[in-house]
Every structure is written in structure tokens, then in C-alpha cells.
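Asker: After the C-alpha cells below, expect a handful of questions from me.
Every read-out reported here was derived from the displayed coordinates using simple, explicitly stated rules and does not represent laboratory data. Everything numeric in this text was worked out from a predicted model, so none of it was measured. Every residue, glycine as well, gets a Cβ built from its backbone with ideal geometry; the counts of neighbours run over all protein chains shown.
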Amino acid sequence: MQQASFERLKLRLARDLTVPQCMDLVKLLQAQTHARLGEVAVQRRTEMVLEAGRCVRCGNRDLVKHGRDANGRQRFRCRGTGGCGKTFNPMTGTVLARMRQPGKWVAYAAQMADHKSVANVAASDIGVAPLTAFRWRQKFLKSQVARPVPMLAGVVEADETYFRTSYKGSRGWKRGTPPENRPPRYRGGSALKRGLSGEQVPVLTAVDRSGGTLDRVLGTRAEIADELVGRIAHGSILCTDGLPAYRAVAALCKSEHRRIELPSPKSPEQKAKGGTPRKNGRLGLGMVNAHHQRIRTFVNRRANGVSTKNLPSYLAWIRAVRRPGFNTTDFLTDALIHI
């Protein structure tokens, strides 16, 4: 619709509509807005660029409109003596840059909220190819990795879990440049070496009782203090195993440290006999152990194994879906904010 015709339509609606008609019109507009939320997000991002009046590349404030691209999006040009002179659109600088078909973004985000596989997404009625579905997944998850981690407070449980080092998707073995000096292996199975080794990558997890969660892929366990200090509120109770690094973390965070003694393995007779019920309020590592089971089930079973380089993204995927108040459109709104 031409802008002049739209302005005349607005004047006529404001003059002639009755109250019931206004309510019906509101419902219609809400439905249309939700159905075209991807295009609405692009328009909102355009308004954000106009309001900021700053080049997303160099920060120069001398910004002018510069026509529209093939997708109908507003383009801008940075000019002036201190400007870079380059052009850009509203998506430049976000993880959604160079993504097409905004009308399909919301439906795709709903598929991600249900943890649908790439094959299932490609087979759905969204209408995207498997390669496109995988690339969109990585773009949406990139913004979740960049999302700030909430401050953990109260009773905080922390521990590590381990995943086998994986180069899933690597073509190095076919190209003669294997990432490791070993033949390719199938998913599943245990590591060749017993105990901790370079075949496994540690993942630090910490949870509190309000739903706050922290997951970090570590190079070594020596990085535990770097990841936890500053993310645990003062006066909290940190429950961990006997690893000395956690005691140092509690001291730096001015928190109380509780070392949880791991129970000794039970014999089959003791398991059959059962034990005494756990006392209410007793501290333990039940929440973090349950979180370990959750992420391991998702990574190893639902995702059919994840390469080590993509492991932080998939951990962020679980955090996003389990975040209190999560909505499927959060994938879209976060992607427009984080670069």
C-alpha cells in the first residue's frame, strides 16, 4: 500500500470505527504482527539504527539513508570526514546478517524451542534446506552464548562433568590432515585411556535454587576459579566436592564453602535394603548432578553427539530453553542485540 493511501486509511478508521470494530481490528493486527514477527523485528532494528544515528562499523554519527536492498530493507551510508564511507543495512553487526526469508524465522525458532533436529526441521513445512537449517541454528545459538550469565546466589552447587573430545563433521581425515593422530571413530563408547586425559574435555557447571545456571567448557580444571569468581554473590553457600580449587573460589567470592562427602558405593544387598530418607534442607549435589544428566542426555542422545568446538553453543541452547520466562521469540530478539 502506498504511504499516502495508508495515511488516508488511518484518518478514515480513526473517524468512523466503532468500539467493537476497534477491538476486532486490534485482534487482527496482533495476529498479523505475530505471523510476520521476523519482518517486524527487521523494522524494529531499522528504527533502532535510526534512533542511534551511529554507524555500526566505525561509530561515526554522520549517517544518511541510502536506498533499499533487494529484500526491501533500508540501507544506510556512513559519510563525513571521520566516517568509513561504507554502506550497511539494519542486520549488519548482528548474528542475523545475511540471513534471508525473515517470514520463516519465528517458525524456525519454535522448532528450536522443541529441540528439533536439522532433518526434522528440513522435513517440516517451514521450507528450508538442511544446510540452511544448520546454519540458522548456529546463528541463533551464537547470540545465546553471548548472553550474560546471571549472578548465582543462595545455595550454589558446582561440579564438573566430562565429554569425549569430538571432531564430528571434520573432513581432515579425508583430506589427509587429521585433527588428531588416530583413525576416525564412531559416536559412543568410552575413552581409550582410563581416568582424565586429553580424550575428554571438562565442562564446569554451577546451579542455584532459583534456576540460575552456568556452563563453561574448560581447557583444564585450573580455569575453574577464572570462570566462577565474580559470578557468585557474596554470602552464598558453595557446595562442591573436595577439589581444592573450589575452596579458593569460595574465599575469593566471600562465600561459605561446604564440602560434600561422596557416599561410598553400596553393595547389591544394601541397595536392595534401601536407606533412610534424606532430611529436608540437607545440602548436597543433587541439583548439579541432575543438570549433568540433562545435558549429557541432550548432547549424546538427542543431538547424536556434538563436536567439541560446538559444545558451548549446545550448552547455551539448553540454558536458553530452561530459562525462567523463556519464549520462543527470545531466540529472535537476542539475535538482533548480540553480535
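Asker: What is the extension gain from A245 to A290, computed as 0.36 nm multiplied by their sequence separation minus the C-alpha to C-alpha distance, in nm to one decimal? Each step should come with its number before you reach the end.
Answerer: On the way: separation 45, 0.36 × 45 = 16.20 nm, distance 2.21 nm.
That pair, A245 and A290, stretches by 14.0 nm at full extension.
Asker: Which FRET efficiency value, to the nearest 0.05, do you get for L192 and R57 by plugging their Cβ-Cβ distance into 1/(1 + (r/R0)^6) with R0 = 45 Å? Working shown, then result.
Answerer: Working: r = 48 Å, r/R0 = 1.07.
The value I calculate is 0.40.
Asker: Could you check what % of the DSSP bridge pairs in the chain are antiparallel, to the nearest 5?
Answerer: In the chain, DSSP labels about 70 percent of beta bridges as antiparallel.
Asker: Over the chain, with a Gaussian network built from C-alpha contacts below 10 Å, which listed residue (C84, C55, C22) shows the highest mean-square fluctuation?
Answerer: In the Gaussian network model the winner is C22.
Asker: Counting residues in the chain as N, plug N into 2.2 N^0.38 Å and put the Cα Rg over that result.
Answerer: On the way: Rg = 25.7 Å, N = 339, 2.2 N^0.38 = 20.1 Å.
Relative to the rule-of-thumb radius for its length, the chain sits at 1.28.
Asker: If the cut-off is a Cα-Cα distance under 17 Å, which lysines reach K10, setting aside same-chain residues fewer than 8 apart in sequence?
Answerer: K27
Asker: Report, to the nearest 10°, how far helix 286-297 tilts away from the longest principal axis of the Cα atoms in the chain, using its own Cα long axis and a range of 0 to 90°.
Answerer: That works out to roughly 70 degrees.
Asker: May I pose another question? Given labels modelled 7 Å from the Cα in the Cβ direction, how far is it in nm from E180 to L13?
Answerer: Spacing of the two 7 Å Cα→Cβ label points: 6.0 nm.
Asker: If contacts are Cα pairs under 8 angstrom and at least 6 residues apart, what is the relative contact order of region 155-306 in percent?
Answerer: Values: 183 pairs, mean separation 38.8, N = 152.
Taking the mean separation of contacting Cα pairs over the length of region 155-306, I get 26 percent.
Asker: Can you give me the distance in nm between label points at V217 and R301, each placed 7 Å from the Cα along the Cα-to-Cβ direction?
Answerer: Between V217 and R301, the label points sit 2.2 nm apart.
Asker: Separate question: For the modelled label position 7 Å from the Cα of M48 along Cα-to-Cβ, which residues of region 92-114 have backbone nitrogen atoms closer than 11 Å?
Answerer: 92-96
Asker: Most fluctuating residue of D208, D241, D16 in a GNM of the chain with Cα springs under 10 Å: which is it?
Answerer: Of D208, D241, D16, the Gaussian network model singles out D16 as fluctuating most.
Asker: Let me ask something additional. Show me 198-204, 150-156, 169-175 ranked by packing, highest mean number of other Cβ atoms within 10 Å first. Don't skip to the end; give the middle numbers.
Answerer: Values: 198-204: 16.6, 150-156: 18.7, 169-175: 11.4.
Top of the packing list down: 150-156, 198-204, 169-175.
Asker: Please compare each pair in K168/K309; K65/K142; K104/K139; K65/K86; K116/K142; K104/K168 to a cut-off of 19 Å on the Cα-Cα distance and tell me which ones are over it. Kindly include the intermediate steps, with their values, before the conclusion.
Answerer: Values: K168/K309 9 Å; K65/K142 29 Å; K104/K139 14 Å; K65/K86 12 Å; K116/K142 17 Å; K104/K168 28 Å.
Checking Cα-Cα distances, K65/K142; K104/K168 exceed 19 Å.
Asker: If one takes the longest principal axis of the Cα atoms in the chain, at what angle in degrees, from 0 to 90 and to the nearest 10, does the Cα axis of helix 37-52 lie?
Answerer: That helix lies at roughly 80 degrees to the long axis.
Asker: Describe numerically, in nm with one decimal, the distance between label points set 7 Å from Cα along Cα→Cβ at H257 and at S117.
Answerer: 4.4
Asker: Name the long-range amide H neighbours of V155: under 5 Å, sequence gap of 5 or more, or other chain; modelled H, no Pro or chain starts.
Answerer: R209, I237
Asker: Another question, if that's okay. So what is the relative contact order for the chain, in percent, with contacts set as C-alpha pairs under 8 Å and at least six apart? Spell out each step's value before the answer.
Answerer: Details: 421 pairs, mean separation 65.5, N = 339.
Value for the chain: 19 percent.
Asker: Which lysines, on any chain, are close to K266 with Cα under 24 Å apart, when same-chain ones fewer than 8 places away are left out?
Answerer: K279
Asker: With springs only between Cα atoms under 10 Å apart, run a GNM on the chain and tell me which of P20, P324, P184 wobbles the most.
Answerer: P20
Asker: Next up: Sort the following peptides by mean Cβ neighbour count (other Cβ atoms within 10 Å, averaged over residues), highest first: 2-15, 243-256.
Answerer: Details: 2-15: 9.4, 243-256: 16.4.
Result, highest mean Cβ count within 10 Å first: 243-256, 2-15.
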